[in-house]
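K.L.:
Structure below; questions to follow.
Quick note: the coordinates plus some simple rules give every number you see, no bench work behind them. Fair warning: this is a prediction, and the values are worked out from it, not measured in the lab. All Cβ positions, glycine included, derive from the backbone under ideal geometry; neighbour counts span all protein chains shown.
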Amino acid sequence: MKKRSLSTNPDLFINRELSWLEFNERVLQEGLCASVPILDRLKFLAIVGTNLDEFFMIRVASLKQLKKAGKARRDIAGLTASEQLAAISARVHKMVADHARGIHEVFTQLADNSIRILRPEDWSENDRRQLRAYFDRELAPALTPLAISDLNPPPALAGLQIHLGVVLLPAPQRTQEHKIAVVPVPQKTRRFIPLSVEKEQRFAIVEDVIGAFVGDFFHGYRVAQIAPFRITRDADVSIQDDDASDLLSTVEEAVLARRRRAAVRLEIRPPVDQRLQDFLVNSLQVEKDDIYVVDGFLGTNSLYEITNLPGFDRLREPDWPPQPPRDLLGWDDLWAAVVDHDIMLFHPYESFSPVIDFLKQAAADPNVLAVKQTLYRTSGDSPIVEALEHAGRNGKEVTVLVEVKARFDEERNVQWARRLEDAGCHVIYGVAGLKTHAKASLVVRREQGRIRRYVHLSTGNYNDKTARIYSDIGLMTCHPDITADVASFFNLLTGYSEAVGWQRLTVEPGQLKERFIGLIEREAEVATADHPGLIMAKVNSLQDKDICVALYRASQAGVKIKLNIRGICCLRPGIKGISENIEVRSIVDRFLEHARIFYFANGGNEEIYLSSADWMERNLERRLELVFPVLDPGLRRRLLEILEIYFADNVKAWELLPDGTYRRVASSGPKIRAQEVLYQQAVRAVATALPRELRYRPLR
């Protein structure tokens with residue numbers, strides 16, 4: 001390895017995009033794993049496809065913009081945009097082939113378990129009659145065949161929508177050349193069309209049904225070839241809000257602009273007529289490396305229609321229903337519980353209901369004066385928003401920051417913002433030039449002639465749906481330092497308040513990185529031969545170069561560093577003299593690992609922090625985030641135990657090697673599956689509680 005400083009040596013870093021593809025490969029391996037139940041395998045395969053959709057829309061699109069602009073700047077690993085695109089294409093083409101093979105294998109196994117996905121060659125005459133009737137009744141009225149010619153240039157075909165490319169030949173007595181038509185598959189229709197049920201569930205795929213009868217629309221022509229295809233468009237649209245007089249309109253215009261952005265990927269199902277491919281390549285202006293011939297299923301989001309089929313629980317892992325939070329066992333008054341002790345909520349092992357109740361009770365409580373809330377991503381029928389609306393209509397002072405720049409949730413968040421305004425809430429649409437990614441809720445309550453603040457802080461979104469599948473940690477407290485900081489944080493968001501001297505929280509861009517680097521450097525400074533120092537961190541991604549360099553230097557000082565990173569990791573562990581004291585693990589299991597936990601041994605004075613921020617440049621420099629300490633010794637012990645359980649996993653864990661690839665952690669000794677252990681702990685906490693300790697129940 002070349003002798004350079006840690007920060008300037010590209011050999012010490014892994015390319016961000018290739019590291020992300022390694023993550024998606026780990027998800028793919030769950031979909032290919034024979035020990036995973038069949039419908040759960042299909043779920044992982046669906047996730048692989050939707051992950052790739054967003055990757056192309058944002059990351060590949062951004063690289064293409066750099067390449068087109070002629071910018072030769074190199075990334076953290078020393079690669080240009082062109083070099084990254086070439087490496088991505090090679091990697092993804094192999095992944096797509098493995099992905100298609102995995103879906104085919106799962107479909108075959110589903111057929112052995114009374115779920116049959118039929119291709120046209122599998123249709124019986126009775127099936128064909130049923131599908132013909134369905135086509136005439138449900139599909140044909142919604143279809144719009146698009147003839148393509150010099151007079152009718154190709155329209156702006158919608159991204160991520162299935163289309164049928166149709167090659168037409170004239171009837172024998174006519175002499176015209178072949179014609180091309182495009183038939184968009186209606187996006188509101190179901191993808192899997194049920195056939196008559198006997199002893200098994202049987203389905204046809206909608207594009208196959210349309211393809212079988214689409215000739216009805218082309219009288220005088222013969223259908224020579226049909227190929228389903230799908231376009232992915234550049235969605236990397238920056239919302240310039242510094243001078244936007246009407247931010248909502250600016251956001252809505254940016255969302256509309258995505259629909260006509262350049263194509264960055266073309267997926268097409270074989271066999272592919274060369275005339276059709278040439279037409280698509282020319283009209284979409286895609287390069288050869290952008291074409292992915294998928295010998296299988298296009299657009300995997302609709303696979304959830306199959307994974308969610310009722311009556312097939314035997315093909316899934318047993319359900320793990322969320323448990324009552326252990327810190328609320330024995331309490332039927334949420335406010336009294338928070339006054340008595342800090343409360344940790346570990347979702348989805350523990351119920352999200354207390355978070356909803358926190359706002360529901362605030363809305364109904366005559367002693368509550370004000371509610372303040374951040375919203376980044378929430379569910380489509382959000383009980384959080386409903387509670388905030390109720391509070392507004394009940395005369396509380398309700399202030400909500402709705403981050404309308406949250407990518408792919410812009411339209412939904414604009415709708416929520418307008419609804420909340422209609423309910424009498426004060427709505428802020430974000431902070432100019434920054435995204436507000438912090439997760440915070442503040443309730444101000446009058447109690448016995450005095451004012452008390454209550455807060456809920458979290459590593460994850462206020463989303464009741466994702467709280468059942470994302471692993472996140474929340475903290476409820478009325479600690480005066482923390483609640484005062486949260487109140488100042490909301491003042492910073494809503495007014496002209498300058499930054500204050502934070503007592504416990506770290507908030508502002510720039511300060512977060514400075515804080516984390518300071519904690520890492522302190523660990524190196526207090527390390528001794530007897531107490532070499534220990535850092536444990538659980539994050540979604542590590543991409544920031546300065547954090548990587550600080551960790552390298554701490555490793556060189558003898559600090560033991562254990563990182564559990566679900567996705568991107570640009571740091572190379574195990575390099576002699578630089579990072580041999582660093583190990584990196586990654587867990588891919590039924591729940592999406594999303595919590596951010598940071599542990600510093602600090603010479604025996606242990607400190608643990610939770611945060612909404614990952615160790616990524618965007619989080620540390622271009623977002624408003626929250627880093628908050630866990631002050632309760634009992635909660636610190638629990639979090640340390642949680643980290644140790646994650647690092648003990650030898651069933652669903654992977655380890656990062658110095659070359660940037662991952663391998664499964666060797667399974668020696670008893671099998672430890674971290675998520676299962678954590679769930680069983682939540683179950684035991686409830687099972688061993690006395691009956692009187694189960695009084696707290698969610699509001700209905």
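K.L.:
Relative to the present Cα-Cα distance, how much length would full extension add between Lys68 and Arg446 at 0.36 nm per residue of separation? Don't jump to the answer; show the numbers that get you there.
P.N.:
Numbers: separation 378, 0.36 × 378 = 136.08 nm, distance 5.93 nm.
Gain in length upon complete extension: 130.2 nm.
K.L.:
Relative to a virtual label point 7 Å from the Cα of Val683 in the Cα→beta-carbon direction, which members of the stretch 284-322 show backbone nitrogen distances below 12 Å?
P.N.:
Under 12 Å, as judged by backbone N against the label point of Val683, lie 318-322 of the stretch 284-322.
K.L.:
Also, quick follow-up: In debye, nearest 20, what is the charge dipole magnitude of the stretch 332-433 about its Cα centre with +1 on Lys and Arg Cβ and -1 on Asp and Glu Cβ, if you could check?
P.N.:
For this selection, approximately 460 debye.
K.L.:
If the chain between Val500 and Arg618 were fully stretched, how many nm would it gain, using 0.36 nm times the residue separation less the Cα-Cα distance?
P.N.:
Using 0.36 nm per residue and subtracting the Cα-Cα distance, I get 40.2 nm.
K.L.:
Label point 7 Å out from Glu252 along Cα-to-Cβ: which residues of the stretch 417-453 have amide N under 12 Å?
P.N.:
418
K.L.:
Which value in nm describes the separation of the simple spin-label points at Glu386 and Asp127, placed 7 Å from the Cα toward the beta carbon?
P.N.:
Modelled inter-label distance: 4.2 nm.
K.L.:
Same structure, new question: In nanometres, what is the gap between the two model label sites at His426 and Glu317, each 7 Å from Cα along Cα-to-Cβ?
P.N.:
The answer from the label model is 4.4 nm.
K.L.:
Give the calculated FRET efficiency between Ser7 and Ala529 to the nearest 0.05, with a Förster radius of 22 Å applied to their Cβ-Cβ distance. Don't jump to the answer; show the numbers that get you there.
P.N.:
Values: r = 28 Å, r/R0 = 1.27.
Between Ser7 and Ala529 the formula returns 0.20.
K.L.:
Still on this structure, please answer the following. Between Leu534, Ala666, Ser611, whose Cα lies farthest towards the positive end of the dipole of the stretch 511-666 when Lys and Arg beta carbons carry +1 and Asp and Glu beta carbons carry -1, centred on the Cα centre?
P.N.:
Ala666
K.L.:
Counting other beta carbons within 10 Å of each Cβ, put Thr300, Thr374 in order, fewest first.
P.N.:
Thr300, Thr374
K.L.:
Counting other beta carbons within 10 Å of each residue's own, what order do Met95, Met57 fall into, fewest first?
P.N.:
So the ranking, lowest neighbour count to highest, is Met95, Met57.
K.L.:
So, in the stretch 36-315, how many Lys pairs have Cα atoms under 27 Å apart, if the pair is 8 or more places apart or on different chains?
P.N.:
12
K.L.:
Report the one residue of His456, Val96, Ala254 whose Cα lies farthest in the direction of the positive end of the charge dipole of the chain (charges on C-beta: Lys and Arg +1, Asp and Glu -1; origin at the Cα centre).
P.N.:
Of the listed residues, the answer is Val96.
K.L.:
Pairs of alpha-carbon atoms within less than 8 angstrom and 6+ residues apart define the contacts here; what relative contact order does the stretch 1-88 have, in percent?
P.N.:
Averaging sequence separation for qualifying contacts and normalising by length gives 33 percent for the stretch 1-88.
K.L.:
Test of understanding: what is the full-extension gain from Arg637 to Ser238, defined as 0.36 nm times their sequence separation minus their Cα-Cα distance?
P.N.:
Gain on extension, Arg637 to Ser238, equals 139.4 nm.
K.L.:
Under 29 Å Cα to Cα from Lys396, which lysines show up? Leave out anything in the same chain fewer than 8 places away.
P.N.:
Hits, sequence-local ones excluded: Lys360, Lys372, Lys405, Lys435, Lys439, Lys465.
K.L.:
Got the relative contact order for the stretch 616-681 handy, in percent, Cα pairs under 8 Å and 6 or more residues apart?
P.N.:
Over the stretch 616-681, the number comes to 26 percent.
K.L.:
Could you work out, for the stretch 334-503, what percent of all Cα-Cα pairs fall into each 10 Å distance bin, beginning at 0 Å and stopping at the bin that holds the largest distance?
P.N.:
10, 41, 39, 10, 0
K.L.:
Report, in deg cm²/dmol and to the nearest 500, the calculated mean residue ellipticity at 222 nm for the chain, where each DSSP H run with n ≥ 4 adds -39500 (n - 2.57) and the sum is divided by the residue count.
P.N.:
On the way: 19 runs with 239 residues, N = 700.
Helices in the chain give a 222 nm mean residue ellipticity of -10500 deg cm²/dmol.
K.L.:
Find which of Thr466, Gln415, Gly380 sits farthest along the positive direction of the dipole of the stretch 334-503, computed with +1 on the beta-carbon of Lys and Arg, -1 on that of Asp and Glu, about the Cα centre.
P.N.:
Of the candidates, Gln415 comes out farthest on the positive side.
K.L.:
Right, something else. Given the stretch 534-691, what count of lysine pairs have C-alpha atoms under 17 Å apart, with each pair 8 or more places apart or on different chains?
P.N.:
Lysine pairs meeting both conditions in the stretch 534-691 amount to 7.
K.L.:
Okay, next question. Taking the Cα centre of the chain as the origin, how large is its charge dipole in debye, to the nearest 20, when only Lys and Arg (+1) and Asp and Glu (-1) carry charge on their Cβ atoms? Present the calculation step by step, with values, prior to reporting the outcome.
P.N.:
Numbers: 94 positive and 95 negative charges, 127 e Å.
Charge dipole, the chain, about its Cα centre: 620 debye, nearest 20.
K.L.:
Let me have the relative contact order for the chain, percent, based on Cα pairs under 8 Å that are six or more residues apart.
P.N.:
Contact order relative to length: 12 percent.
K.L.:
Arranged by the count of other C-beta atoms within 10 angstrom, fewest first, what order do Phe312, Phe598 take?
P.N.:
Final ranking by Cβ density, sparse to dense: Phe312, Phe598.
K.L.:
Further question: Using a Förster radius of 56 Å, what is the FRET efficiency between Val281 and Asn602 based on their Cβ-Cβ separation? Nearest 0.05, please.
P.N.:
After rounding to 0.05, the efficiency reads 0.45.
K.L.:
Would any residue of the stretch 29-72 have its amide N under 14 Å from a label point 7 Å out along Cα→Cβ of Asn113? List them or say none.
P.N.:
Correct set: 31-45.
K.L.:
Right, here's the next one. Under a Cβ-only charge scheme (Lys and Arg +1, Asp and Glu -1), can you give me the dipole magnitude of the stretch 334-503 about the Cα centre, in debye to the nearest 20?
P.N.:
Around 180 debye, computed over the stretch 334-503.
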